[in-house]
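The values are calculated or read from the model by the stated rules, or taken from the named source; none is laboratory data. The model shown is predicted, which means the values in this text are computed figures rather than measured ones. Backbone-built Cβ (ideal geometry, glycine too); neighbour counts: all protein chains shown. Just so you know, the surface numbers come from the protein's heavy atoms only, side chains and all, with ligands and any DNA or RNA stripped out. Shrake-Rupley method; radii C 1.70, N 1.55, O 1.52, S 1.80 Å.
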Amino acid sequence: DHDNVYITIFTAHVRAQTLEFDVDEYQFKFHASPYYLRLTFPGKVVEDESSTASLDASTGQISVTLAKQTPGETFENLDLLSSLLATKRQRDLGLSATDRQSRPLIEDIAGSSAAEPCTSEEQLAILQDEEFDWEISQTPAAADDDDASLLLKSATYGFNSQYTGLLAHAHDSGNDINAVPDPERMTPDQRRANRIATEDAKFDESYYIDNYINDEDILPLIHYKTRFFKILRRLQKNKTTAAVTDLPTTPPDGKAPAEQLAADLELQQSNSAIDSWAEFTDKENATMLDLPRKMHLVSDRQTLYLGLVDIIFAYSLDHRINQGDSTVESLWTIGAVSSTLSSLEQFSALRPTIVACFRRALAYPLYRNWELCEKVLEDVYVLFKLGLRAIIKTMLEIKLMFDHHDIYYVYSKLYLDDYCVWLQTSATDKAIKSLAHELHHFELEKDEIGWHLEAFEDLALQTSESEADEVEDGEVEADVIDDLPVPIDQLDLEGAPDSVSEIVIPGTSHATAKSGTDASDTRKKKPLIEILD
């Protein structure tokens, strides 16, 4: 109306205390696990005294009232859902969420004398400055016509959704990484629904509780410092040292002190070691020479970057669990934890990507611990902080691992070969550093996983305290048994009476034992009878 905007949201099974709202000029955001909604309005809205929100638990209807920053301003096209669901950047470029998915980006072809000109403002912006919006991409629900289209053609998957048929016989070939029941027919939405359902079924609360209590083997893995972390720390330290050494230190007579010469020499040697790590090895150069010469017409570059985060997370988890070494289980661990590889997932925003990484890391590998997952996420940040060259070297390492497996080599064909080519020809260091910044400030709550982890942790603590009490009671009972005059295993049981009531405790008379009237021997009599019985 003239002063307000009214929003009606329909949800199911949510509690009022879990509702979260955020108003930021043109955007309104709503979250109540597992629901998320972001609306981008054509005008600015504010949250003031007149703004209200109410929940009707019986119908699941949430009514929100927001005030217009400029009363009387006309908000046009509020019935266009694609426009409302677009991100800020898409809105500024005049693109809806549907437009972004339907308009492919044309890459610059290496070796071509004249590249094809950009055909949209979005293409020009991305190719020039590579600034991505890592917010969740939303599209309105559409009719289920994907199934009908798949009756006429097979589903596509892999890097840039350009492959089909490579997983047709995945179940017959012993591919334990593949988690898609019918990869040649299932749509991306169906694959995602199947992935979530499979993760829910695979999660073992008893396993999680055990890893939470008995973390003796996990703590060393959490405290382990990867070689990438050491390289980043050395780079940061040398950068600080270089800034100090840039100050004028030569005395007036023109002779530098011996101490300064020694420091300069040490800095040069340290920088040389860092530069040698950044250089590609002969093995890596040979691998890059064997890569296919391909051109990629990428339809969604952001999805490729997010898939990169997913694969690097799985690699970092295996790297930390095995403390820098690889084992015979490394390939399966990387493949199973990565939603991109195992479920052919296509992510559109950073938060769902990290949520999927944590869910699979808590459901599949040997060690399933929340703190370990957080440490692995730090490892991913370190790799992206090191820049594009570090990502390329890591992906080449992963590719070499998959190349030499009789079954899993198919994932090199589906993803890794193309990633190694695309990272060298089209990816930018600016986008990698942008992701590093987002990862560095990323926070994930346990309730976003959807498995009531905090409740299980509370149960684990209660169980641990209960077991400690039982151990103390057992020690007391052991002390009582030790007080017996004769050890149990040394008692002469030949000719022992058939009736328990006829048993005579050493040191007592037969009549006293039979009648049980001597209260002073009750403490000794009971545990002995229980053991003999």
Within the range 51-68, restricting to residues that are modelled with pLDDT under 85 and either crowded, with 16+ Cβ neighbours inside 10 Å or of a type in the set (S, T, Y) (or both), the one that is nearest to I7 (Cα to Cα) is T59
Pairs only if they're at least six apart or on different chains, beta carbon under 6 angstrom, first in the range 12-30 and over 18 Å from L85 (Cβ atoms), second surrounded by 13 or more Cβ atoms within 10 Å (Cβ to Cβ) and at pLDDT 80 or above; list them, first residue then second.
-> A12/G60; V14/A32; A16/L55; T18/A32; L19/A32; E20/H31
Within the range 330-348, tally of residues that are touching a Leu at 6+ places or on another chain (Cβ under 8 Å) and over 23 Å from S161 (Cα atoms) = 1
Members of the range 26-41 that are part of a loop (DSSP other than H, G, I, E, B) and modelled with pLDDT of 85 or more = Y26, F41
Going through (1) open to solvent by less than 60 Å² (accessible area, probe 1.4 Å); (2) without any contact (Cβ under 8 Å) to a residue 24 or more places away in the chain one by one, D406 fails only at (1)
Checking L366, L341, L414 in turn, the sole residue that is part of a helix (DSSP H, G or I) and either modelled with pLDDT under 95 or farther than 12 Å from D310 by Cα (or both) turns out to be L414
